[in-house]
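For reference, the structure discussed in these notes is given below.
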Amino acid sequence: MQTLTTTARRPRLPAAAVLALAYVTATGLAQPQPAAAAAKFSQPITNVVWETGTPHSIIWTDATPGRHPLKLMRGQATALQQVAQIAVVDGAAGHYEWAVPADLPSDNTYAIALGNSPDIGFTGQFTIRNTHAAHAPIPTSALAPAPAPAPARP
């Protein structure tokens with residue numbers, strides 16, 4: 001008696017599919033992953049002047065929902081440094097009311113950042129003007145009368 005044996009045949013994959021599968025397996029990347037959305041700000045706008053001690057609206061769109069730091073930055077546009085953390089906000093909220101602290105120095109290189117690296121949105125640079133800064137007293141020597149001019153020689 002003769003027994004028939006059947007062999008299961010595996011389908012053949014095209015060479016491109018085999019290479020793609022090998023790439024995905026080796027790198028762990030199936031396709032480029034989209035970056036999380038960085039916030040886009042509509043307030044404060046570039047070059048606006050905000051005075052210390054006054055409330056202002058910080059307004060943004062397109063931030064990823066969840067808790068994110070809202071930070072005050074300062075310096076050259078390519079090398080901003082954090083001055084203070086304003087708050088931790090929900091990225092989906094889209095706004096935050098902020099009273100500009102009275103102790104900030106006047107400067108035109110402030111910006112606001114929302115998020116964590118690498119997904120950080122920045123405002124353009126704007127000015128904070130300190131209208132509450134204590135003025136140094138005028139030295140008493142500046143208040144003294146000017147000496148009389150010396151008599152002219154004949």
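Listed here are the residues, each with its yes/no results for (1) open to solvent by less than 60 Å² (accessible area, probe 1.4 Å); (2) under 21 Å from ARG129 (Cα atoms); (3) at pLDDT below 95.
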| position | (1), (2), (3) |
| --- | --- |
| THR5 | no, no, yes |
| ALA16 | no, no, yes |
| LEU19 | no, no, yes |
| ALA30 | no, no, yes |
| GLN43 | no, yes, no |
| VAL48 | yes, yes, no |
| THR64 | yes, no, yes |
| ALA84 | yes, yes, no |
| GLY91 | yes, no, yes |
If we ask which residues in the range 93-117 are open to solvent by less than 20 Å² (accessible area, probe 1.4 Å) and among the polar types (S, T, N, Q), their number turns out to be 0
The condition of being part of a strand (DSSP E or B), open to solvent by less than 70 Å² (accessible area, probe 1.4 Å) and at pLDDT 95 or above holds, among ILE58, ILE120, only for ILE58
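The values are calculated or read from the model by the stated rules, or taken from the named source; none is laboratory data. What you see is a predicted model, and the numbers here were worked out from it, not measured in a lab. Surface areas here come from the heavy atoms of the whole protein model, side chains and all, with no ligands, DNA or RNA. Shrake-Rupley method; radii C 1.70, N 1.55, O 1.52, S 1.80 Å.
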